[in-house]
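Let me begin by presenting the structure, written as structure tokens, before commenting on it.
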Amino acid sequence: MLTKYNLAAKKQLGQNFLVDANILRKIVSAANLSSSDLVLEVGTGIGALTTALSEQAGYVLTVEADSSLAPLLKQVLAGRDNVRVIFSDILQLNPADLFKENSIKPKVVANLPYYITTPILFHLLESDVNWDVLVFLVQKEVAERIISPPGNKVYGALSVMIQHYCEAEIVGVVPPTVFLPKPKVNSAIIRLIPKEKEFSPEIEKTFSLLVRTVFTYRRKNLYNSLRGIFTELGGENKVMEALKTLNIKPSQRGETLSPEEFYAIAAYCSEF
């Protein structure tokens, strides 16, 4: 198909097309789809995953940044009336606008480009959409960072932020051989199930600031890593009071804190 339409994977767009039917089935299975489901796919590619999704879900909305794939996708998806393709950059779209007329909790299933995996994850999770489940094919290293516990060498801001929003699990590991062209690393299927929680914009803003600051200076202890943002947190006394109340030592490193502990500090400091 690529040869027919004089197309090739574009390295600058991180295109690695998934072409293995068995892996496609595993990804679709991880989302537990039914005919009542509305699915968002990010990165239509050559339509292999889109086709598999359309056979299980009620409706598939798929977003593709590369409009040169339009002729190929027109043929591949011909006759699939439950599929709509939008040629755009997902990061330039408000996910809530895509589903504003639907009361059903949508699902996300996507083979994400490695180079913008993190921005896309946060763009979707920080949107106003009430997702049911999100299933992604990502670089194995990224998946391991997402599920990492506190204190692990790969535990970082991504781990804390994703675990704050979701329950995360790796469903399976995927070898390079299932892609065209083959990447140089293994991939993994990761499933994210959003947590039910009360949302406070003020606390969420403080939480994000805390996490990003601590891991920017991850080799420093909590006191030293937070010194630069004491003012935004209500002052040094407020921060020290929060740590003491929560039984967290100022001398310990932030990488030892759980997502719940980060959020507890943020909640305390937000109470001015």
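The values are calculated or read from the model by the stated rules, or taken from the named source; none is laboratory data. Remember, it's a predicted structure, so these values are computed and weren't measured experimentally. Methodologically, a virtual Cβ is constructed for each residue, glycine included, from the backbone with ideal geometry; neighbour enumeration extends over all protein chains shown.
Observations on the structure shown:
- Any hit, region 32-53, residues being among the charged types (D, E, K, R), loosely packed, with under 15 Cβ neighbours inside 10 Å and farther than 22 Å from residue 172 by Cα: no
- The listed residue being of a type outside the set (Lys, Arg), at negative phi and without any contact (Cβ under 8 Å) to a residue 12 or more places away in the chain, out of 194, 201: 201
- Whichever residue in region 167-190 is surrounded by fewer than 17 Cβ atoms within 10 Å (Cβ to Cβ), modelled with pLDDT of 95 or more and of a type in the set (Val, Ile, Thr) and, among such residues, is farthest from residue 217 (Cα to Cα): 173
- Residue match in region 224-239 (condition: under 28 Å from residue 131 (Cα atoms) and not hydroxyl-bearing (Ser, Thr, Tyr)): no
- Enumeration of residues in region 60-99 that are touching a Leu at 6+ places or on another chain (Cβ under 9 Å) and over 20 Å from residue 111 (Cβ atoms): 71, 99
- Top-ranked residue in region 114-166 [being charged (D, E, K, R) and over 24 Å from residue 92 (Cα atoms); ranked as modelled with the lowest pLDDT]: 153
- Selection from region 218-247 of residues that are in contact (Cβ under 8 Å) with a residue 24 or more places away in the chain and either in the same structural domain as residue 163 (by TED's automatic domain parsing) or surrounded by fewer than 18 Cβ atoms within 10 Å (Cβ to Cβ) (or both): 218, 219, 220, 221, 223, 232, 234, 238, 241
- Residue, surrounded by the fewest Cβ atoms within 10 Å (Cβ to Cβ), within region 138-160, restricted to residues that are hydrophobic (A, V, I, L, M, F, W, C), touching a helix residue (DSSP H, G or I) at 6+ places or on another chain (Cβ under 6 Å) and not in a loop (DSSP other than H, G, I, E, B): 158
- Qualifying residue in region 97-110 (condition: farther than 16 Å from residue 64 by Cα and under 11 Å from the mean Cα position of the chain (by Cα)): no
- If you check 142, 174 for being over 28 Å from residue 34 (Cβ atoms) and either in contact (Cβ under 8 Å) with a residue 12 or more places away in the chain or touching a His at 6+ places or on another chain (Cβ under 9 Å) (or both), only one passes: 142.
- Residue within region 4-16 that is crowded, with 18+ Cβ neighbours inside 10 Å, touching a strand residue (DSSP E or B) at 6+ places or on another chain (Cβ under 6 Å) and either at negative phi or of a type outside the set (Gly, Ala, Ser) (or both) present: yes
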